Each structure stands twice: as structure tokens, then as C-alpha cells.
Amino acid sequence: MQNTGEKKHLLTTISDLPKMTQARIDALHELGIYRVSNLLKHLPTRYETHHGGMTIESAEQLLGDRESSPELVTIEVTICKVSPGWRRGRKSKLEVAVEDETSRMHANWFNQPWVARALHPDMRIRLHGAISMHKGFLQMNNPRWEEIDEDEPTVAIEGDLRPVYRASELISSSVIASLIADVIEDALPEIDDHLSDEMLHDLSMPKLADAYAMCHKPETEDQAREGRRRIAYDELLILQLGVMMKRHHRRETMHAPQLEWNEDIKNRIEARIPFALTESQQNVIEEIANDVTSNTPMNRLLQGDVGSGKTVVALHAMLMAVTCNAQAAMMAPTELLAEQHFKTISNQLKGSQVKTALLTSSLTGKERKALIKKISTGEIDLVVGTHALLTDDVIFSNIAIAITDEQHRFGVQQRALLRNKSDDAYAIPHTLVMTATPIPRTLSLTIFGDLDVSTIKGLPPGRSPITTRLVQPSEANKVYYYLMELIAKGQQGYVVVPLVEETQSELKSAVAHAESLQNGFLKNAKVGIVHGRMKSEERELTMEQFRNGTVDVLVATTVIEVGVDVANASMMVIEHADRFGLAQLHQLRGRVGRGTLPGVCALIASPTTEDAQLRLEAIVETTDGFRIAERDLEIRGPGELFGAKQSGIAPFKVARLPRDLELLRLARRSAVEWIKRDPTLERSPLLKSRLMHAHGEALGLGDVA
Ligand code: ADP
Ligand code: MG
């Protein structure tokens, strides 16, 4: 247990530190820093070689000594003159003449008009940046600057390297550095290490306290890296331990119904499917069968590109349960998708003994009560639904398999545990989660680390390729003429409208666009609308009309993003395509080219940002979902990785993926070994408390530990 008496420095609140002002306290709070311990965890983001205490003259000499110098210098100067240089649209230049006791020089800021408002003659500022010569004068372009606080002695940091901290407009990096320098000596000895000396020796890593010292006041870049590596490793290890602890708990403590599966059952199920399964689908079904014929709960992720045929695999899996007189459930992220799955599945099971039901939040009152009753008595074998399945009063008689479709729409840690009536607290169903958004390898090793992964490779045979075109809004009429031609040939299409904030509501823009198409380009066709705010009967009616061909064109919001499956729809038009994410565009495009008709996807957009441009280029370039996921990651950066946001798992502070992939592998190996030795970490209380603090809630470790 931690003894607060011994941690008096680490636990000191920052407001109790000397040199504190309310403004600094507020600024630190904004950076998430409340105590000295937080301050120490605020690691430098980079280091600058510091030629501190330079004069303008000595900087000129430094330049003269080297051919082309990348040197960074810090010079303290007084402003002589601030002259707005020029301004053209969003581009501007500000020229500032400054001097010290040795000479004069120029500082220029480009495209930062606010700097001009902050600077004035006679002000004392500290400039930090790269130097060059221009017309006989020393100059700095876009230097970092701060006003010199005469009460604040220049921060004396030993060594050549000056740490640069994430700062804000309200507090500078150098003030943070000086605060850390003040407390670090006293605080470091209070940091306990959760790794033993022996382990550290094997890992060739420094003790935690030393690692912090190496990060905050390194003598060399190598030393800083070594310190950072230890702290990054800890972050990765702690998450891996959490994930492994959970996996161990599920596999060793919990159990699921052991199902039976053989050729005969397999053939009976396959007889209901109107096409031959692909080899890849067969393989995945074998993997699932392998899992569910054991009483170790399955926890499997099925990934397969849009249109790869995951639904039929899900149906197979559910029927594995039903043939053994157990129940199965499938949960979809939208009512529309749940309704569609229900329809597909009911059709395929027509004439069989299997009792199916649909449970969404549209079902209310007596009807809902009656259905829930049937679920709890086991009268219903197979339920398709939405989140509505997760409400407390939905209790199964004997559920063996629970499937979540389009998992990425739910968030990672949705603990979709459908429950049984039985009072065996250790009984859970086998679970399968399905996604069309491939999970990058780095993530599959972290937050998804306790899932086994199956992949459907490729698409079913006989699909025609999809042609994707980027069209300027001024040319949109050509797109709609083309759509009209396809409709004349008996085909159908979608027109997707984004949720545009400027136009008040999603609802209006869809409705307005549908109306204008119906009265304009598409006056000879029947236009229908679906969006998320419609009553389910109304929406189901329109979808049915679209499926049976009464409606030719469906104008929709992104409610049709996932799962909608109408083979005769061959054209997808996406208005304001620049507003959609890459994965979303891929999903939307996946609504066409699902049958033998060649698919066409027209993206109407004139992108205004570079990211949007890159997204549109990527989607035009390839239809391969894995390639698109990679591009998405490159464009957005790892900060917004799929699911990471919804997962509730705090992003790593120090570790960076994929850069630290090797370190992650190392952490994963250690975690596996560790959990084998000590499954609930009871022998490592300090580590355990750090783990629970960091991820206990997000990983749902409450019942595990
Ligand atoms: P997704 O993986 O995107 O959920 P679906 O399960 O909706 O894909 O399947 C897309 C379409 O492909 C459906 O119409 C389905 O009936 C069809 N399909 C699935 N597997 C096969 C197959 N092996 N051969 C032919 N068509 C298939
Ligand atoms: Mg699907």
C-alpha cells in the first residue's frame, strides 16, 4: 500500500509550489496537471540543442564557423521596431527589428498575424529558433518567442539538451521546465518501481525514477530515448496485462455451452443457403465450429470487407446453437440493419422449425412483453435485434451464441453480454463480433488483444467491379442523367446526403433533396427517402418498396451506410462526398456491385481541405478495404484509430504506434508470461493498482480481479 507520508513531494498539489500564480495553476490544470506526480509525467515532446545565453554577435560567429548551420539558438533581445511587412489574403509577413548590447538583427513571422498584436517596441523577449544571414543581418524566421519575465531567472538546465514541453498560450515550455527542475530532485526518490531489479536487468531498462530523470534532464539524446523507452514500455505492458488478465479470466473461470457439430449438421444448414459458400467462408465456419464445440467461451472477431458475405457465416454460427436446442442472438447497430437481417434470415429459414424474432426499440408495450417472455422460456430460438437486446429485462433461457454485427459502430468495449436465466454466474455465451473495417495490426495487438481473429478473404464469385468517379458539383446533372438511364434499364440507385450542420437538420436536407430530384432529373422515376428519424414502419415500408423495385431511387442519410443489401441497386451517388470519412465512403460504396450488375459510384464534391482531397483520391484509387484502412490511418494519423475513441481506453501518453510496435510485442510477451504465473496479479499489488487505475473501468476488470 502506498504510504502518503512517504509521498509528500509527489502528492503535493501544484498550487502549493513556490512561484505559483493563479494563471499558472489554471494553465497547468488545463494540461491535466494537478500534482507534482502529474508534472513529472508531463514528459518533454522533444529536445533542442541549446545554445543558450547567446548574444547576437556570438550567434553571428556561430554561423560564420559553419557552412550551413542548423543550429538553434536562444537570444534575449529588446524590440526596436515592429513593422507589418505585407499581407495578401491569408498570407502575411511581420518584420521585427531587435537588438541586444552587441548588435541588431531581424525576426520575421510569416502567416501569424496575431504575433503582431502581441509585440511592441521596448518589450524584452527571448527568441528561440534557427539562424541565418540576410543582407548582412542575422535573422530568424518564425522563431518561438516568449516575453522575458524579469523576476524569473533564465532557466538553468544542465547539459546541452533543452527539453521542450507541451505548453499552451497561458504557460510556456520554459516555465514548465523550471517548475519541473525545482521539484524533480525531491520527488524522484518517492517513485516506486513495479518491476523488479531482476526484470529490469533482463529488459536492460532503467528504474522508473531514473527513467524520469533521463527524460527531464538528459545528458544526451540517447539517454532521453532510453528513459522514454522504459516509460512507454510500462504503458504498453499495463494495457497488455489488463487485456491478458481478462482473457485468462474468460478462458479459465468462465464457461459457455459446449455445442455439437458434425458433417450432418453442416450439410443440413448448408442446404438452406441458396449459393455455395466460398472457401474462405467455409474456413471461418470451421474456426467458429472449433471454438463452440469446447466450453471455453469463444471470443472471436470476424473481419471481412464490405460485401464479403459475413451474414451467412453469422447465420451458420447461430444455427450451430439452434440445432443443439440452445438459443442465438444477433445484434445490429441500426434498426434498419436489424430489420434487414431479420428479413434475410427469416427467408432462408422459411419452412424450418426455427422460431425467429426481431427485437428493436420500436417494439413496445404488450408486444414487447410477450416477446421477452418467449425469449426467456426458450420458445424463440433465434433473435435479431439492436441495443434493445441489452436491456435488463431481456433474459434468455439458454443462449449459446451472441453475435454483434458491424462492431465498429458500437465501440470496442460494449460488453454485449446477453444473459441467461440460469444462476450460474460463470456461464456466458460464445461471442462473435463482425466488422467490415479491418483492424490495423497495432490495434489488434492492443485493445483487441483478447480476441481471436478470423478473416474472410475476397468477395463471393461473380461480382462485377465498381467504377468510382469524382465529379465536380457543377457537373452533377451528368450524374443524374446517367442514373436516369440506368433506371430506364430497370436498375436502381442510392443518393446519399450528409448530415450538413449549416442546413439545420439532417432530416430537412434529405427531404429537400429528394423532392428536388423527384421534381427535376428524376421526374420519371419513383424516389423514396430513408433517414434515422423516421418511424420504423414507415422506413420498413420504403425499404420494402426499394427491395421489390417499386421505388427506383433511395435518397438516404448514412443510415444506409452499413449492411443494406439490394442486388439490383447498381449506382451510388454521394453528395458532398468530401464530408464523409474514408471508411464511411467505402461502406457506402459497398452498397452497390453486390450482384452481377456492374456498380457505379459517383462522388460529388469539390474538396476544400487537403485531407478531404486525399480521402477522395484514395477511394477513387482502390476498392480494397484493407488498403483503404491503411490509407485512412496514414491520413488521419494514429490518434483517431478505429474504435480507440469509443473504447474509453485512454490514449497512450508516451508510447506511439506503430513506431513502438517492437516494444508492444515485447510487452505482450511479458504480459502473457506474467499472467500465466500470477493470473490476477495478486503478487504484484503495486502494478495491479496502477493497472486498475489506468484501465480497470474501460476493460471491465471489476469482476476479474
Ligand atoms: P457483408 O459481409 O458486407 O455483411 P453480406 O453478408 O451482406 O456482406 O453479403 C453480401 C451479399 O453477398 C449478400 O447478398 C449475400 O447473399 C451474398 N453472398 C454471400 N456469400 C455468398 C456466396 N458464397 N456466393 C454468392 N453470394 C454470396
Ligand atoms: Mg453485413
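Just one of the numbered conditions (1) in a helix (DSSP H, G or I); (2) at pLDDT 90 or above; (3) not charged (D, E, K, R) is not true of residue 646; which one?
So the condition that residue 646 fails would be (2).
Can you find, within the stretch 557-582, the residue that is nearest to ligand 1 (Cβ to nearest atom) among those that are in contact with a Leu (Cβ under 8 Å, 6 or more places away or on another chain) and part of a strand (DSSP E or B)?
The qualifying residue nearest to ligand 1 (Cβ to nearest atom) is 569.
Could you check, for the stretch 597-609, whether at least one of its residues is within 15 Å of ligand 1 (Cβ to nearest atom) and under 24 Å from the mean Cα position of the chain (by Cα)?
Of the stretch 597-609, the ones within 15 Å of ligand 1 (Cβ to nearest atom) are 597, 599.
From the residues that got through so far, the ones that are under 24 Å from the mean Cα position of the chain (by Cα) too are none.
Scanning the stretch 597-609, I find no residue that is within 15 Å of ligand 1 (Cβ to nearest atom) and under 24 Å from the mean Cα position of the chain (by Cα), so the answer is no.
Return the residues of the stretch 588-606 that are open to solvent by less than 10 Å² (accessible area, probe 1.4 Å) and not in a loop (DSSP other than H, G, I, E, B); say none if nothing qualifies.
588, 589, 599, 601, 602, 603, 604
Failed condition for residue 369, given (1) more than 16 Å from ligand 2 (Cβ to nearest atom); (2) of a type outside the set (Ser, Thr, Tyr); (3) not in a helix (DSSP H, G or I), with all others met?
Condition (3) is where residue 369 drops out.
Determine which single condition residue 362 fails, assuming it passes every other condition in (1) within 16 Å of ligand 1 (Cβ to nearest atom); (2) open to solvent by 10 Å² or more (accessible area, probe 1.4 Å).
So residue 362 meets the others, but not (1).
Looking only at the stretch 84-117, count how many residues are in a strand (DSSP E or B) and not aliphatic (A, V, I, L, M). Can you show your working first?
Residues of the stretch 84-117 that are in a strand (DSSP E or B), as a first pass: 84-88, 91-99, 104-110.
With the extra rule that they be not aliphatic (A, V, I, L, M), the set shrinks to 84-88, 91-93, 95, 99, 104, 106, 108-110.
So the answer is 15.
If the Cβ limit is 6 Å and pairs must be 6+ apart or interchain, which residue in the stretch 19-35 that is touching a residue at least 12 places away in the same chain (Cβ under 8 Å) pairs with which residue that is polar (S, T, N, Q)?
27/168; 35/13
Looking at 563, 528, which one is of a type in the set (Gly, Ala, Ser) and open to solvent by 10 Å² or more (accessible area, probe 1.4 Å)? Lay out the reasoning, then the answer.
Working: 528 fails: open to solvent by 10 Å² or more (accessible area, probe 1.4 Å).
Result: 563 is the single residue among 563, 528 that is of a type in the set (Gly, Ala, Ser) and open to solvent by 10 Å² or more (accessible area, probe 1.4 Å).
Which residues, taken from the stretch 537-551, are open to solvent by 10 Å² or more (accessible area, probe 1.4 Å) and more than 16 Å from ligand 2 (Cβ to nearest atom)? Break it down stepwise before answering.
The initial filter retains those residues of the stretch 537-551 that are open to solvent by 10 Å² or more (accessible area, probe 1.4 Å), namely 537-542, 544-545, 547-550.
Passing the criteria: 537, 538, 539, 540, 541, 542, 544, 545, 548, 549, 550.
Would you please name the residue that is least open to solvent (accessible area, probe 1.4 Å), looking only at residues in the stretch 619-635 that are farther than 19 Å from residue 307 by Cα and of a type in the set (A, V, I, L, M, F, W, C)?
Checked the stretch 619-635; the qualifying residue least open to solvent (accessible area, probe 1.4 Å) is 635.
Of the residues that make up the stretch 365-379, is at least one surrounded by fewer than 22 Cβ atoms within 10 Å (Cβ to Cβ), closer than 26 Å to residue 306 by Cβ, outside the structural domain of residue 583 (by TED's automatic domain parsing) and touching a residue at least 24 places away in the same chain (Cβ under 8 Å)?
For the stretch 365-379, residues surrounded by fewer than 22 Cβ atoms within 10 Å (Cβ to Cβ), closer than 26 Å to residue 306 by Cβ, outside the structural domain of residue 583 (by TED's automatic domain parsing) and touching a residue at least 24 places away in the same chain (Cβ under 8 Å): absent.
Within the set of pairs 6 or more residues apart or between chains, which connect a residue that is within 16 Å of ligand 2 (Cβ to nearest atom) inside the stretch 261-280 to a residue that is open to solvent by 90 Å² or more (accessible area, probe 1.4 Å) and assigned to a loop (DSSP other than H, G, I, E, B) with Cβ atoms less than 8 Å apart?
Qualifying pairs under 8 Å: 278/461; 280/457.
Taking residue 319, is it in a helix (DSSP H, G or I) and either open to solvent by 30 Å² or more (accessible area, probe 1.4 Å) or within 13 Å of ligand 1 (Cβ to nearest atom) (or both)?
Details: in a helix (DSSP H, G or I): yes; either open to solvent by 30 Å² or more (accessible area, probe 1.4 Å) or within 13 Å of ligand 1 (Cβ to nearest atom) (or both): no.
Considered against the rule, which asks whether it is in a helix (DSSP H, G or I) and either open to solvent by 30 Å² or more (accessible area, probe 1.4 Å) or within 13 Å of ligand 1 (Cβ to nearest atom) (or both), residue 319 comes out as no.
Can you name the helices (runs of 4 or more DSSP H) wholly within the stretch 174-289 that have at least 2 residues being closer than 26 Å to residue 36 by Cβ and open to solvent by less than 20 Å² (accessible area, probe 1.4 Å)? Even if it seems obvious, please write down each step before you answer.
Numbers: elements: 197-203, 208-216, 221-252, 263-270.
Hits in the stretch 174-289: 208-216, 221-252.
Working only within the stretch 118-166, note down all residues that are in a loop (DSSP other than H, G, I, E, B), among the aliphatic types (A, V, I, L, M) and at pLDDT below 85.
If we filter the stretch 118-166 for residues that are in a loop (DSSP other than H, G, I, E, B), which is where we start, we get 119-123, 135-136, 142-143, 148-160, 165-166.
Filter again for among the aliphatic types (A, V, I, L, M), leaving 119, 123, 148, 155-157.
148, 155, 156, 157, listed by residue number.
Scan the stretch 284-304 residue by residue and report those that are in the same structural domain as residue 377 (by TED's automatic domain parsing) and within 13 Å of ligand 1 (Cβ to nearest atom).
284, 285
On the basis of being closer than 15 Å to residue 307 by Cβ, of a type in the set (A, V, I, L, M) and away from ligand 2 (no atom under 16 Å from the Cβ), does residue 597 make the cut?
yes
Could you please give the count of residues in the stretch 346-396 that are in contact with a helix residue (DSSP H, G or I) (Cβ under 6 Å, 6 or more places away or on another chain) and small (Gly, Ala, Ser)?
Counting residues in the stretch 346-396 that are in contact with a helix residue (DSSP H, G or I) (Cβ under 6 Å, 6 or more places away or on another chain) and small (Gly, Ala, Ser) gives 4.
Would you confirm whether any residue within the stretch 332-344 is assigned to a helix (DSSP H, G or I) and away from ligand 2 (no atom under 16 Å from the Cβ)? Give the steps one after another, and end with the answer.
Here is the first cut: in the stretch 332-344, the ones assigned to a helix (DSSP H, G or I) are 335-344.
If we keep only those that are away from ligand 2 (no atom under 16 Å from the Cβ) too, we end up with none.
Among the residues of the stretch 332-344, not one is assigned to a helix (DSSP H, G or I) and away from ligand 2 (no atom under 16 Å from the Cβ), which makes the answer no.
Listed residues 616, 585, 554; which is within 26 Å of residue 462 (Cα to Cα), open to solvent by less than 10 Å² (accessible area, probe 1.4 Å), modelled with pLDDT of 90 or more and part of a helix (DSSP H, G or I)?
585
Residue 313 is checked against (1) at pLDDT 95 or above; (2) closer than 29 Å to residue 458 by Cβ; (3) more than 13 Å from ligand 1 (Cβ to nearest atom) and fails just one. What number does that condition carry?
Exception for residue 313: condition (3).
If you take the residues of the stretch 281-319 that are more than 16 Å from ligand 2 (Cβ to nearest atom) and among the polar types (S, T, N, Q), which of them is nearest to the chain's Cα centre (by Cα)?
299
The values are calculated or read from the model by the stated rules, or taken from the named source; none is laboratory data. A quick note: this is a predicted structure, and the numbers were derived from the prediction, not measured. Cβ coordinates were reconstructed from backbone atoms using ideal geometry, including for glycine residues, and neighbour counts include every protein chain displayed. The area values use the complete protein model at the heavy-atom level, side chains included, leaving out ligands, DNA and RNA. Shrake-Rupley method; radii C 1.70, N 1.55, O 1.52, S 1.80 Å.
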